[in-house]
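J.: Okay, handing you the structure first.
Any read-out appearing in this document is the output of simple, stated calculations on the displayed coordinates, not a laboratory observation. Please read all numbers here as calculations on a predicted model, not as lab measurements. Note that each Cβ is placed from the backbone with ideal geometry, even for glycine, and that neighbours are counted across all protein chains shown.
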Amino acid sequence: MAAARTNCAQRVVATLTLDDIQPRQRARVTAIVANGPLLQRLMQLGLVEGTEVELVRRAPAGDPIEFRVLGYSLSLRRAEARLVEINSLHTGA
């Protein structure tokens with residue numbers, strides 16, 4: 001479910017996160033809503049602004065979620081995926 005954010009004009013804008021995309025869907029990281037060690041860890045794993053990410057699959061219970069990032073597989077908990085804001089990319093299917 002997309003989070004809602006309010007911009008300066010007090011207009012509600014829907015924000016997509018990594019938890020919102022579906023398998024084989026690609027997205028580009030726009031921001032990480034975390035701080036301290038968790039922010040540092042996510043950035044060290046390659047989740048920085050502009051990085052392209054693809055959802056590979058979800059575990060049967062929905063947690064963890066496997067992503068393809070910079071040519072490697074990265075598994076995140078749903079709570080961690082919700083901290084990474086994205087812009088969805090259209091696939092050329």
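J.: Quick one: which residues, 5+ away or cross-chain, put their amide H under 5 Å from the amide H of residue 16? H built at 1.01 Å from N.
T.: Answer set, sorted by chain and number: 86.
J.: If you stretched the chain out fully between residue 63 and residue 78, how much longer would it get, using 0.36 nm times the residue separation minus the C-alpha to C-alpha distance?
T.: Stretched out fully, the residue 63 to residue 78 stretch lengthens by 4.8 nm.
J.: Which residues' amide hydrogens lie under 5 Å from the amide hydrogen of residue 32, considering only partners 5 or more residues apart or on another chain, with H built in the peptide plane?
T.: Placed amide hydrogens put 85 under 5 Å from residue 32.
J.: So what are the three principal axis dimensions of region 12-89 from its Cα atoms, in whole Å, longest to shortest?
T.: Principal extents (Cα only, largest first): 30, 30, 23 Å.
J.: Let's see if you can work this out: charge +1 on each Lys and Arg Cβ, -1 on each Asp and Glu Cβ, no other charges. What is the dipole magnitude of region 12-89 about its Cα centre, in debye to the nearest 20?
T.: 180 debye
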